[in-house]
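Structure record follows, encoded as structure tokens.
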Amino acid sequence: MVALTISGLRKEYSDVTALRGLDLDIEAGEVFGFLGPNGAGKSTAIDCVLDYVHPTAGSVEVLGFDSRRETRALHERVGVLPDGYELYDRLTGREHVELALDAKDAAGDPMAVLKRVGIADAADRPAAEYSKGMSQRLALGMALVGDPELLILDEPTTGLDPTGVRDLRELVRSEAESGTTVVFSSHQLPQVEAVCDRVGILRDGELVAVDTVDALRAANGGGATVACTVPNPEAAMASGLKEVPGVESARIGEGQVVASCTEPAAKARVVGHLLDAGVAVTDLTVEEATLEDLFAQYAGDGEKSEVTEGDRAAAAPEVKA
Amino acid sequence: MSPARRAVGVVARKDFRDARRSKLLWGLTALFVLFTGLITYAANALGEVESAVVALSFAAGPAQVFVPLAAFVGGYMAVVGERRTGSLKLLLGFPVTRGDALLGKALGRSAVVAVTVLVGFGVATALTPALFGTLPAEALGLTAATLLLGLACTGFAVGASGAVSTRGRAMALVIGAFVAFTFLWRFLLAGGYYLLNGAMPGKTVPAWYLLAERLNPLYAYADAAEYVLGQSIASIVTVRLRGGASTLPVAEQLQGSVPAFLEPWSAFAVLALWALVPLAIAARRFGRANLG
């Protein structure tokens, strides 16, 4: 069953085109991540799904309800953590959850919700006194009220410390296990990788890739890079490192040779090759290709087809996580 | 309960709960109470006012300033404030449509203004039997008319708030309206009259002129209050620039007989229109807005 269908979604503002014809199906029970740099159109897409913004063309259907015509029915089944929101300063945490319960016509104990997101001890303080992380936890708790069929989380890690991010991941996992579809957006890729069944990479208002993280990784040479610290990198390079089976490319780093591998076993072969050639390997680091690398490839300046392994390695450090 | 009514109720309760914690509104209410109380007391203490109804007509004066003030201050940020901070996204993330949000806010803020009116007039009304020995039935009618003024001004303020996209514009609209209603209206009308007739309006004027005056909700309130009290109110803002015409009944200000549209009901109708029309315009504009 399809939980969310986006068809030909376009959004033009007077000065800028935010979305250029988005098409996407998200299956029920799936955890889907919208990825892309700020300004790529992630929030605009989510805003169209929630009818905060009216599309110039195209349509969105959520759980069978049209986002423009059946907004109320849609929101009865969806939990939302918006981006760029503020809480009601004068209302307490408990009053916020009560508001959510009331609005969603749901039964439940506000304290249980606050406990679940870890801010029960601040229940009776006005939200004005909350830190950014506490606010985010409260808003997340409000999104969970009424056991929605679909959770939409726009940049949910904003303001969360590492513990908060871990809690969020666990929460997303447990919601997904109970059958909830989860759609979220992020520009913080490592935090997304662990929980997503599929990701969609948005660039400049277009979806440039939609697939599982593993498939994207495989499609992009997605193994790992192995960096060996050696006394003479030029000599080590000249030993025929590029010809090692499973090595896609190799380059010289600072006192290192760096080989990009397309399959896991190639890493050991690289080290074996160097040792066989009489090169003294004094240190060794292995880096798995992260979503960030993939992301740099899709979201960077160059077209996908033009990006080579070397370009990717060079581009990756420039991407702000 | 239908989902729409439920959603409107949720927003109204939320807003009432939120707004009643505003210190500014409490301050305005306190000032209003002080004014109506003092005026009622002074009206008696100075010994010139014999009747409780006349005392009430004095208390209606400050209401004419404080009710719009409280409604405008309490209402102009209702929608646009949430739009700018983004808390509107939380609210519309629930099964609450934009129309629900607008109507709920209008009701919530109206309830806050109603509390201000009831507290203010409550004090004046409580003092009346102690000072004058009677509690006239007119007090009830005047309170109802003042509540209607509160609805009109709140409708305008929340409508202004829903129709624009920045706080500055909402503020400009309510400040502009306040200045127009309390001050500019009579000069604009007199100026228009002068341009048409080459003379300033006198004590008696054509019917259209009285209607144009009445389209100002504060004049409409003065007329409505005059109708329920049987006595013109002591106003400092709806003075008619026409040689003492302020205290004359409508019939004596007219050149000719009283047309249907100047009967007392039209004063109440004008207040109802001010409560509804700005909200209807806002519903259209707000319904189309991008809230991203």
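The values are calculated or read from the model by the stated rules, or taken from the named source; none is laboratory data. Note that the coordinates shown come from a computational prediction; the quantities given were computed from them, not determined experimentally. So basically every Cβ, Gly included, is an ideal-geometry build from the backbone, and we count neighbours across all protein chains shown.
Would you check if there is a residue in the range B:145-155 being on the phi < 0 side of the Ramachandran plot and surrounded by fewer than 16 Cβ atoms within 10 Å (Cβ to Cβ)?
no
Test of understanding: among A:133, A:141, which residue is out of contact with any Phe, Trp or Tyr (no Cβ under 9 Å at 6 or more places or on another chain), buried (at least 17 other Cβ atoms within 10 Å of the Cβ), at pLDDT below 95 and assigned by TED's automatic domain parsing to the domain that holds residue A:44?
Numbers: A:141 fails: at pLDDT below 95.
Of the residues listed, the single one that is out of contact with any Phe, Trp or Tyr (no Cβ under 9 Å at 6 or more places or on another chain), buried (at least 17 other Cβ atoms within 10 Å of the Cβ), at pLDDT below 95 and assigned by TED's automatic domain parsing to the domain that holds residue A:44 is A:133.
Just give me the residues in the range B:1-28 being farther than 30 Å from residue A:72 by Cβ and either away from chain A (no Cβ under 14 Å) or touching a strand residue (DSSP E or B) at 6+ places or on another chain (Cβ under 9 Å) (or both), in sequence order.
In the first step, residues of the range B:1-28 are kept if they are farther than 30 Å from residue A:72 by Cβ; the result is B:23-28.
Residues satisfying the conditions are B:27, B:28.
Name, by its number, the condition in (1) buried (at least 17 other Cβ atoms within 10 Å of the Cβ); (2) assigned to a helix (DSSP H, G or I); (3) away from chain A (no Cβ under 14 Å) that does not hold for residue B:49.
Looking at each condition in turn, residue B:49 falls short on (2).
Collect the residues in the range B:221-258 that are assigned to a helix (DSSP H, G or I), of a type in the set (Gly, Ala, Ser) and in contact (Cβ under 8 Å) with a residue 60 or more places away in the chain, keeping them in residue-number order.
Step one: filter the range B:221-258 for residues assigned to a helix (DSSP H, G or I), giving B:221-229, B:245-247, B:250-253.
Applying the additional criterion that residues be of a type in the set (Gly, Ala, Ser) yields B:222, B:224-225, B:245-246, B:251.
The answer is B:222, B:224, B:225.
Looking for whichever is touching a residue at least 60 places away in the same chain (Cβ under 8 Å) and either in the same structural domain as residue A:150 (by TED's automatic domain parsing) or over 25 Å from residue B:19 (Cα atoms) (or both) here; the options are A:117, A:97, A:113, A:80. Which one fits? It would help to see each step written out before you state the result.
Values: A:117 fails: touching a residue at least 60 places away in the same chain (Cβ under 8 Å); A:97 fails: touching a residue at least 60 places away in the same chain (Cβ under 8 Å); A:113 fails: touching a residue at least 60 places away in the same chain (Cβ under 8 Å).
The match here is A:80.
Output yes when any residue across the range A:97-120 is within 10 Å of another protein chain (Cβ to nearest Cβ) and assigned to a strand (DSSP E or B), and no when none is.
No, the range A:97-120 contains no residue that is within 10 Å of another protein chain (Cβ to nearest Cβ) and assigned to a strand (DSSP E or B).
Restricting attention to the range A:40-94, which residues are within 10 Å of chain B (Cβ to nearest Cβ), of a type in the set (A, V, I, L, M) and either part of a loop (DSSP other than H, G, I, E, B) or surrounded by fewer than 18 Cβ atoms within 10 Å (Cβ to Cβ) (or both)?
A:50, A:53, A:73, A:87, A:91
Here is a list: B:124, B:114. Which entry is buried (at least 24 other Cβ atoms within 10 Å of the Cβ) and either in a helix (DSSP H, G or I) or within 14 Å of chain A (Cβ to nearest Cβ) (or both)? Before the answer, list the steps.
Numbers: B:114 fails: buried (at least 24 other Cβ atoms within 10 Å of the Cβ).
Selected residue: B:124, the only one of B:124, B:114 that is buried (at least 24 other Cβ atoms within 10 Å of the Cβ) and either in a helix (DSSP H, G or I) or within 14 Å of chain A (Cβ to nearest Cβ) (or both).
Yes or no, residue by residue, for (1) more than 21 Å from residue B:61 (Cβ to Cβ); (2) surrounded by 24 or more Cβ atoms within 10 Å (Cβ to Cβ):
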position: B:93; (1), (2): yes, yes
position: B:97; (1), (2): yes, no
position: B:110; (1), (2): yes, yes
position: B:135; (1), (2): no, no
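Of all residues in the range A:150-203, count the ones that are without any contact (Cβ under 8 Å) to a residue 24 or more places away in the chain and among the acidic types (Asp, Glu).
Looking only at that region, the number is 2.
If you check every pair at least six apart or on different chains, which have Cβ atoms under 8 Å apart with a residue in the range A:37-53 that is within 17 Å of residue A:21 (Cβ to Cβ) first and a residue that is modelled with pLDDT of 90 or more and of a type in the set (Phe, Trp, Tyr) second?
Sorted first by the residue in the range A:37-53, then by its partner, the pairs are A:42/A:34; A:45/A:34; A:46/A:34.
Looking at the range A:99-118, which of the residues that are within 23 Å of residue A:174 (Cα to Cα) and crowded, with 21+ Cβ neighbours inside 10 Å is farthest from the chain's Cα centre (by Cα)?
So the residue we want is A:110.
Scanning for something surrounded by fewer than 19 Cβ atoms within 10 Å (Cβ to Cβ), within 14 Å of another protein chain (Cβ to nearest Cβ) and in a helix (DSSP H, G or I), does the range B:29-45 turn up at least one residue?
Scanning the range B:29-45, I find no residue that is surrounded by fewer than 19 Cβ atoms within 10 Å (Cβ to Cβ), within 14 Å of another protein chain (Cβ to nearest Cβ) and in a helix (DSSP H, G or I), so the answer is no.
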